[in-house]
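All remarks here apply to the structure that follows.
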2 protein chains.
Amino acid sequence: MARWLVILAGGRGERFWPLSRVMHPKQFLTLIGDKSMLETTRDRVATLIDDDHIFVVTGVDYVEKVAHNLPRIPQSQILGEPRGCNTAPSIAWAAETIHRRDPEAVLLVLPSDHVIQKADRFLRLADRALMLAAEHGGFYTFGIVPTHPETGYGYIEKNGAAFGDAAVQQVKRFIEKPPREVAEKMVASGRYFWNSGMFAFRVNEFLRAVREFLPALADGIAALVDNPWRIEDIFAELPAISIDHGIMENARSVYVLPADIGWDDVGTFGALARLLPRDGEQNAAHGYAIFVESENVTAITDGPLVSFVGVKDLYVVATHDAVLILSPDKSQDVRKVVEALKQGGSHEHLL
Amino acid sequence: MARWLVILAGGRGERFWPLSRVMHPKQFLTLIGDKSMLETTRDRVATLIDDDHIFVVTGVDYVEKVAHNLPRIPQSQILGEPRGCNTAPSIAWAAETIHRRDPEAVLLVLPSDHVIQKADRFLRLADRALMLAAEHGGFYTFGIVPTHPETGYGYIEKNGAAFGDAAVQQVKRFIEKPPREVAEKMVASGRYFWNSGMFAFRVNEFLRAVREFLPALADGIAALVDNPWRIEDIFAELPAISIDHGIMENARSVYVLPADIGWDDVGTFGALARLLPRDGEQNAAHGYAIFVESENVTAITDGPLVSFVGVKDLYVVATHDAVLILSPDKSQDVRKVVEALKQGGSHEHLL
């Protein structure tokens with residue numbers, strides 16, 4: 001059973017404006033280290049899966065960027081979606097395409113814009129999940145032990161060891177982004193993980209589940225692979241649904257591997273700020289910054305020098321044509337600026 | 001007696017970094033309205049003095065910029081100093097040059113980077129001062145009624161009406177930048193004005209005072225006008241002293257015209273911030289800014305869009321290659337960033 005990797009790289013990254021742009025979303029940014037998050041995602045599992053076994057699903061506008069970022073991946077394996085339909089259609093498209101070439105394939109599905117600080121541990125877990133899927137079948141997820149009652153993530157409840165191994169837990173249920181009180185109870189109980197959005201499974205088992213739980217998607221994707229020139233029409237009709245909600249919540253034999261891997265989806269500037277090293281005054285910089293009598297300030301710049309005098313508790317993001325100054329507790333609200341720009345017709349600052 | 005204008009345009013504007021740069025200091029900025037401060041200074045007295053009676057004294061590096069800004073002023077009347085020696089040498093150089101053409105000249109001396117909001121009143125006062133100088137001789141200053149105990153300005157103490165007119169006060173003494181307690185007492189007494197750095201006098205009377213009080217300067221300037229090719233050597237030897245300290249404090253027949261003219265030297269971002277119109281949340285912008293849930297924020301940009309989410313009490317200055325974020329009470333401390341840049345060798349951000 002050959003291993004295949006499906007990288008999901010369709011994000012539009014509005015929460016990272018102005019660093020990310022419509023034409024340069026988060027997966028292409030160099031937020032940590034000197035590679036794009038997309039490259040880092042591929043490199044993480046380079047020892048497990050070869051480049052000619054990788055598919056990247058992205059927006060049609062980003063196909064060229066992906067090809068430029070990952071030049072060794074065959075161009076035909078970069079799938080460009082004419083509109084974003086959430087994760088189930090993206091994965092189903094890649095899966096159907098892979099299945100026609102290799103019906104015995106085992107798939108690893110990874111988002112392209114997450115940080116994983118303990119790369120070795122993740123590599124071992126991914127290897128384990130692919131082996132388990134090959135050996136036993138079933139759907140494997142990677143569960144992050146929650147550090148706080150995050151309301152922006154989905155949760156996975158565990159249900160006891162599978163295969164006689166506490167490192168593989170059966171899944172009792174998936175919980176979508178919960179209200180705060182619910183999140184607090186879940187975290188306190190110790191029975192829940194964050195759903196990191198990474199999966200491993202056999203391609204044929206996945207496609208059977210799509211057929212069973214999302215038959216319209218199964219039909220649409222089969223039609224798409226048979227008639228690629230009809231992509232616009234077919235995508236217009238596909239159900240926009242996540243793999244979690246559309247497949248995992250319904251599937252049998254779903255497992256979670258507790259994953260202490262230093263994971264972060266880096267969904268906001270706040271998350272990015274937490275990942276940066278800080279000086280004695282709790283200031284952190286990604287790019288060139290000068291701090292004078294300032295504390296707990298995070299500066300992220302892709303070019304301009306950013307300097308501070310006598311301020312504290314701020315996030316600042318600077319590019320050559322746009323600057324964002326943000327209270328640390330408002331990092332979810334960047335979209336309000338993006339909305340204002342759209343309404344004001346300032347599209348040049350979004351591209 | 002013909003009227004001549006001397007504009008002092010040698011400032012290097014470090015307090016306005018990054019908006020001002022070594023090669024683009026404050027007098028060339030468009031801080032208020034759509035003209036540079038230098039142009040505005042000239043235009044303010046356009047009805048009093050013709051372009052061919054204007055001298056501008058500036059740094060040698062800025063001569064071209066001044067010529068570009070004020071194209072109708074004869075090039076020979078833009079004097080470029082090889083180093084800044086404070087105001088007395090600048091004015092003396094222009095005065096000596098004018099005196100050789102027109103020994104009866106009456107001079108109006110204006111800094112090039114101040115704001116005067118009540119232009120009509122100022123025009124009448126300048127006209128008055130020039131008339132008084134022509135008629136009676138003496139040195140005329142323009143005194144601003146203090147609104148707060150500013151420690152960054154010089155003060156002028158009045159000594160009773162001159163020429164039987166309360167609108168022209170004799171000057172008792174000049175006070176250099178005072179400590180705060182002294183400033184508070186002066187403001188409370190009602191007998192002191194801020195020294196706005198603008199003057200009117202007869203050129204021959206001024207040059208006599210230079211000869212009397214600053215003989216080394218008188219010699220240097222005479223040598224300079226006789227031997228312009230020796231400018232480097234001569235400037236290296238000139239005493240660096242202000243007209244206030246070197247001349248006005250010593251001269252007899254010094255007068256102050258109380259000047260309710262909406263004056264501001266716009267010496268800091270704080271001063272500029274006070275001049276900008278504010279919205280209901282006390283936010284102000286010079287350039288394109290978006291405020292989301294923010295208050296008492298001042299954004300000054302010469303290009304980049306600046307956006308705010310959930311912050312308050314900030315000054316932000318943005319250019320394409322440098323951003324400054326400043327606490328409103330730290331507006332005097334911009335130089336600390338400039339110092340850090342110089343020490344760090346980041347000269348590209350200063351030019």
- Restricting segment A:302-323 to residues that are assigned to a loop (DSSP other than H, G, I, E, B), within 11 Å of another protein chain (Cβ to nearest Cβ) and touching a residue at least 40 places away in the same chain (Cβ under 8 Å), the residue that is nearest to A:Thr41 (Cα to Cα): A:Thr319
- Query: Tell me, which residue of segment A:17-66 that is exposed (fewer than 14 other Cβ atoms within 10 Å of the Cβ) and in contact (Cβ under 8 Å) with a residue 12 or more places away in the chain is farthest from A:Met1 (Cα to Cα)?
  - Reply: A:Met23
- Identify the residue in segment A:146-180 that is in contact with a Lys or Arg (Cβ under 8 Å, 6 or more places away or on another chain), closer than 23 Å to A:Arg121 by Cβ and in a loop (DSSP other than H, G, I, E, B) and, among all such residues, is modelled with the lowest pLDDT. A:Tyr153
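Conditions tested, residue by residue: (1) in a loop (DSSP other than H, G, I, E, B); (2) surrounded by fewer than 15 Cβ atoms within 10 Å (Cβ to Cβ).
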{"position": "A:Tyr255", "(1), (2)": "no, no"}
{"position": "A:Ile261", "(1), (2)": "yes, no"}
{"position": "A:Gly280", "(1), (2)": "yes, yes"}
{"position": "A:Ile290", "(1), (2)": "no, no"}
{"position": "A:Thr298", "(1), (2)": "no, no"}
{"position": "A:Val337", "(1), (2)": "no, no"}
{"position": "A:Glu348", "(1), (2)": "no, yes"}
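Can you tell me which residue is nearest to B:Leu107 (Cα to Cα) among those in segment B:181-206 that are touching a residue at least 24 places away in the same chain (Cβ under 8 Å) and in a helix (DSSP H, G or I)?
Going through segment B:181-206, the residues touching a residue at least 24 places away in the same chain (Cβ under 8 Å) turn out to be B:183-184, B:186-187, B:191-206.
Adding the requirement that they be in a helix (DSSP H, G or I) leaves B:183-184, B:186-187, B:203-206.
Numbers: B:Ala183: 30, B:Glu184: 33, B:Met186: 30, B:Val187: 30, B:Val203: 6, B:Asn204: 10, B:Glu205: 10, B:Phe206: 9 Å.
The residue in question is B:Val203.
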- Selection within segment A:324-351 - more than 7 Å from chain B (Cβ to nearest Cβ), free of Cβ contacts under 8 Å to residues at least 60 places away in the same chain and touching an Asp or Glu at 6+ places or on another chain (Cβ under 8 Å): A:Pro328, A:Glu348
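From the list A:Ala209, A:Ala259, A:Ala222, which residue is modelled with pLDDT of 95 or more and more than 23 Å from the chain's Cα centre (by Cα)? I'd like the intermediate steps shown before the answer.
Working: A:Ala209 fails: more than 23 Å from the chain's Cα centre (by Cα); A:Ala259 fails: more than 23 Å from the chain's Cα centre (by Cα).
One residue alone meets the criteria, A:Ala222.
Residues are listed down the side, and each one gets a yes or a no for (1) touching a Lys or Arg at 6+ places or on another chain (Cβ under 9 Å); (2) within 30 Å of B:Ala299 (Cβ to Cβ):
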| position | (1), (2) |
| --- | --- |
| A:Gly246 | no, no |
| A:Ile261 | yes, no |
| A:Pro277 | no, yes |
| A:Gly287 | no, yes |
| A:Ser294 | yes, yes |
| A:Lys312 | no, yes |
| A:Pro328 | no, yes |
| A:Ala340 | no, yes |
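In segment B:1-14, what count of residues is obtained for those that are in contact with a Lys or Arg (Cβ under 7 Å, 6 or more places away or on another chain) and surrounded by fewer than 24 Cβ atoms within 10 Å (Cβ to Cβ)?
Start the filter on segment B:1-14 by keeping residues that are in contact with a Lys or Arg (Cβ under 7 Å, 6 or more places away or on another chain), which leaves B:7, B:11, B:13-14.
Of the ones still in play, those that are also surrounded by fewer than 24 Cβ atoms within 10 Å (Cβ to Cβ) are B:11, B:13-14.
Within segment B:1-14, residues that are in contact with a Lys or Arg (Cβ under 7 Å, 6 or more places away or on another chain) and surrounded by fewer than 24 Cβ atoms within 10 Å (Cβ to Cβ) number 3.
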- Filter result for the condition that a residue is at the interface with chain A (Cβ under 9 Å from one of its Cβ atoms) and either at pLDDT 95 or above or under 29 Å from the mean Cα position of the chain (by Cα) (or both), over B:Ala285, B:Ala273, B:Ala299: B:Ala299
- Does B:Val297 satisfy being farther than 21 Å from A:Ser307 by Cβ, hydrophobic (A, V, I, L, M, F, W, C) and free of Cβ contacts under 8 Å to residues at least 40 places away in the same chain? no
- Message: What's the number of the only condition in (1) out of contact with any helix residue (DSSP H, G or I) (no Cβ under 7 Å at 6 or more places or on another chain); (2) surrounded by 20 or more Cβ atoms within 10 Å (Cβ to Cβ); (3) at pLDDT below 95; (4) not small (Gly, Ala, Ser) that B:Asp113 fails to meet?
- Response: (1)
- Message: Quick test of your reading of the structure: B:Glu39 fulfils all but one of (1) in contact with a helix residue (DSSP H, G or I) (Cβ under 7 Å, 6 or more places away or on another chain); (2) outside any helix (DSSP H, G or I). Name the failing condition by number.
- Response: (2)
- Message: Looking at segment B:234-241, can you tell me whether even one residue there is outside any strand (DSSP E or B), in contact with a Pro (Cβ under 8 Å, 6 or more places away or on another chain), away from chain A (no Cβ under 14 Å) and among the aromatic types (Phe, Trp, Tyr)?
- Response: yes
- Note on the structure: Filtering segment B:171-180 down to residues that are surrounded by fewer than 13 Cβ atoms within 10 Å (Cβ to Cβ) and in contact (Cβ under 8 Å) with a residue 40 or more places away in the chain yields B:Glu176
- Could you tell me whether any residue of segment B:328-345 is closer than 23 Å to A:Asp321 by Cβ and either out of contact with any strand residue (DSSP E or B) (no Cβ under 8 Å at 6 or more places or on another chain) or at pLDDT 95 or above (or both)? no
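The values are calculated or read from the model by the stated rules, or taken from the named source; none is laboratory data. As the structure is a prediction and not an experimental result, all values here were calculated from the model. Note that we place each Cβ from the backbone using ideal geometry, even for glycine, and neighbour counts take in every protein chain shown.
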